[in-house]
Amino acid sequence: MVGGGQLARMTHEAGIPLGLRFKLLSDTPQDSAAQVVSEVVVGDYRDLDTLRDFARGCDVITFDHEHVPTEHLRALEADGIPVRPGPDALVHAQDKGVMRARLTEIGAPCPRHRIVADPADAAAFADEVGGFPVILKTVRGGYDGKGVWVVRSEADAAEPFRAGVPVLAEEKVDFARELAANIVRSPHGQAVAYPVVESIQVDGVCDTVIAPAPGLDEHLAGEAQQLALRIAAELGVVGHLAVELFETRDGRILVNELAMRPHNSGHWTQDGAITSQFANHVRAVLDLPLGDPRPRAAWTVMCNVLGGDYPDMYQGYLHCMARDPQLKIHMYGKDVKPGRKVGHVNTYGDDLADVRERARHAADYLRGTITE
Ligand code: ADP
């Protein structure tokens, strides 16, 4: 697996029961997954020679992030190493401009959008969609809301162009909430769809995920799952695909973006589904039969644990575990910095309000924003 973050750590964990040998290319020996994987190569995934050396002897390569240059992935394939997802699929998770163009081509519902050349062009786009505010995004390199701007005037639009990366303009969708349709697809074409979830963001960072999305119209949920399956088939995705969606106030869904790897909106599946996203990602990458994606409980809630006042969150375990025996804590081994995602908790049950309260309480307690 290329990339040493928490997604690699949890994918590795899912491979242990299968007795897989898991090799990691990590930026540093301290990265989340590098702390737990036995076979770690420390190196730069942007360097083709490093990637090639790393890939030698691997049966298949997969990713913790989407930043490996497309041409490097093609070179690995030319060397005879299966890359899953492959470069032709992955480019749609790397480049928001390519993603929007392709989704529009296959008729997937998207916000109105176009590439804009400069602030004046962004203002012209705003006129086309009914005026400011509009959203500007650099087509590459964004994450957790970085690389996304809400722009209220032409003067406001200068910043996104400074990076020298093409800029995509989108209408600002007045959404009721954000959803995610997560599916897993294997090379032989088998696919499974998880229940559609609601994802609540705070300051551009995922905060809470509720599975399934409360009150979501059954037909709209089915439509979202079908859409994700169709996107995966059209783009040739292998592994886990997260389709981030907006649910509009008039009951439609629009695609926000795609992630072709395990995703934060799927962390609930570790404890809330029969087969987790990590286990199914591993199975897909190895072309094994996929596991049952159905939920184990009526409701599962995931809350991210962000860095707060405590450098070591272990001190909160006693209280949290004693308070909620259903609670599952997943920490990533990262240094605690304010606002940084350092772990998550999952809990489940029959009463949504109660499950939400328990997950929220544990995340806040571990972080130190509450003390009782
Ligand atoms: P990232 O690559 O950081 O995940 P996204 O494209 O998902 O970037 O955007 C981050 C957040 O910005 C979204 O979760 C959503 O809240 C908001 N956002 C993005 N695009 C739009 C849009 N077209 N209309 C309204 N809000 C948007």
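List the relative contact order of the chain as a percent without decimals, with contacts defined as Cα pairs under 8 Å and 6+ residues apart. Could you put the intermediate results ahead of the total?
Details: 800 pairs, mean separation 49.1, N = 372.
It rounds to 13 percent for the chain.
Once amide H atoms are placed 1.01 Å from N in the peptide plane, what residues at a sequence separation of 5 or more from Val134, or on another chain, have their amide H within under 5 Å of its amide H?
Val151
Relative contact order, percent, of the range 1-91 when contacts are C-alpha pairs under 8 Å separated by at least 6 residues? Display every interim value, and only then the final one.
On the way: 142 pairs, mean separation 24.1, N = 91.
Relative contact order of the range 1-91: 26 percent.
What is the distance in Å between the Cα centres of the range 1-39 and the range 49-65?
A separation of 13 Å, based on Cα centres.
Name the most mobile residue of Tyr194, Tyr348, Tyr310, meaning the one with the largest mean-square fluctuation, in a Gaussian network model of the chain with Cα contacts below 10 Å.
Tyr310
Which pairs in the list Lys23/Lys334; Lys23/Lys337; Lys146/Lys172 are over 24 Å apart, alpha-carbon to alpha-carbon? Walk me through the numbers on the way to the answer.
Working: Lys23/Lys334 20 Å; Lys23/Lys337 28 Å; Lys146/Lys172 16 Å.
From Lys23/Lys334; Lys23/Lys337; Lys146/Lys172, over 24 Å: Lys23/Lys337.
Could you give the semi-axes, largest first, of the ellipsoid that matches the range 104-235, computed as the square roots of 5 times the alpha carbon gyration tensor eigenvalues and rounded to whole Å?
After diagonalising the Cα gyration tensor, the semi-axes are 31, 17, 15 Å.
Rg and Dmax of the range 171-224, Cα atoms, in Å?
Here Rg and the maximum Cα pair distance are 13.2, 39 Å.
Kindly report, to the nearest 10 Å², the accessible surface of Ser153 as traced by a 1.4 Å probe over protein heavy atoms only.
Here the accessible area works out near 40 Å².
Quick query: amide H of Val305 versus all other amide H atoms, modeled in the peptide plane; which residues come in under 5 Å with a sequence gap of 5 or more or a different chain?
Answer set, sorted by chain and number: Val342, Gly343, His344, Val345.
If each of Ile115 and Arg296 carries a label point 7 Å out from its Cα toward its Cβ, how far apart are those two points in nm?
Once both label points are built, they end up 4.6 nm from each other.
With 27 Å as the cut-off, how large is the P(r) tail for the range 236-372, expressed as percent of Cα-Cα pairs?
29
Which value in nm describes the separation of the simple spin-label points at Gln226 and Asp47, placed 7 Å from the Cα toward the beta carbon?
My value for the distance between the label points is 5.0 nm.
Can you list the trypsin sites (Lys or Arg not before Pro) in the range 272-344 that are in a DSSP coil and have 13 or fewer other beta carbons within 10 angstrom?
Sites meeting the loop and neighbour criteria: Arg296.
Taking every DSSP beta bridge with both residues inside the chain, roughly what % is antiparallel (nearest 5)?
On the way: 58 of 65 bridges.
The antiparallel proportion sits near 90 percent.
Tell me the Rg and the Dmax, in Å, that the Cα atoms of the chain produce.
For the chain, the Cα-based Rg and Dmax read 20.4, 58 Å.
In a Gaussian network model over the chain where Cα atoms closer than 10 Å are linked, find which of Glu244, Glu234, Glu105 has the largest mean-square fluctuation.
Of Glu244, Glu234, Glu105, the Gaussian network model singles out Glu105 as fluctuating most.
Just check the range 312-372 against the gyration tensor rule for me: Cα atoms, a ≥ b ≥ c as the square roots of the eigenvalues, rounded for a/c under 1.5, and otherwise prolate or oblate depending on whether a/b exceeds b/c.
Here the range 312-372 falls in the prolate category.
Using θ = phi - 60° and the Karplus relation 6.51 cos²θ - 1.76 cosθ + 1.60, list the HN-Hα couplings for the range 103-113 in order, rounded to whole Hz, with x at every Gly or Pro.
5, 5, 4, 8, x, 7, x, 10, x, 4, 7
Within a Cβ distance under 9 Å of Tyr365, other residues only, what is the Lys/Arg minus Asp/Glu net charge?
Residues close to Tyr365 contribute a combined charge of 0.
Name the shape class, rounded, prolate or oblate, that the alpha-carbon gyration tensor gives for the range 56-146, where a ≥ b ≥ c are the square roots of its eigenvalues, rounded holds for a/c under 1.5, and otherwise prolate holds if a/b is larger than b/c and oblate otherwise.
prolate
Under a straight-distance cross-link criterion of Cα-Cα below 13 Å, which aspartates and glutamates are reachable from Lys328, leaving out those fewer than 8 residues away in the same chain?
Within the straight-line cut-off, Lys328 pairs with Asp271.
Local charge sum around Ser38 (other residues, Cβ-Cβ under 10 Å, Lys/Arg +1, Asp/Glu -1)?
Cβ neighbours under 10 Å give a net charge of +1.
Specify whether the C-alpha gyration tensor of the range 165-272 places it in the rounded, prolate or oblate class, a ≥ b ≥ c being the square roots of the eigenvalues: rounded for a/c under 1.5, otherwise prolate if a/b is larger than b/c and oblate if not.
The shape class here is rounded.
Send over the semi-axes of the range 1-114's equivalent ellipsoid, whole angstrom and largest first, taken as the square roots of 5 times the C-alpha gyration tensor eigenvalues.
28, 16, 13
According to a simple spin-label model (label point 7 Å from Cα along Cα-to-Cβ), what is the distance in nm between Glu218 and Asp79?
5.1
Please work out the FRET efficiency for the pair Ile370 and Thr28, using the Cβ-Cβ distance as r and a Förster radius of 41 Å; give the result to the nearest 0.05. Walk me through the numbers before you get to the answer.
Numbers: r = 33 Å, r/R0 = 0.80.
Using R0 = 41 Å, I get an efficiency of 0.80.
The values are calculated or read from the model by the stated rules, or taken from the named source; none is laboratory data. Since the structure is predicted, the reported quantities are computational estimates derived from the model, not experimental observations. No Cβ is skipped: glycine too gets one built from the backbone with ideal geometry, and neighbour counts run over all protein chains shown. Heads up: the accessible areas ignore ligands, DNA and RNA and are worked out on the full protein's heavy atoms, side chains in. Shrake-Rupley method; radii C 1.70, N 1.55, O 1.52, S 1.80 Å.
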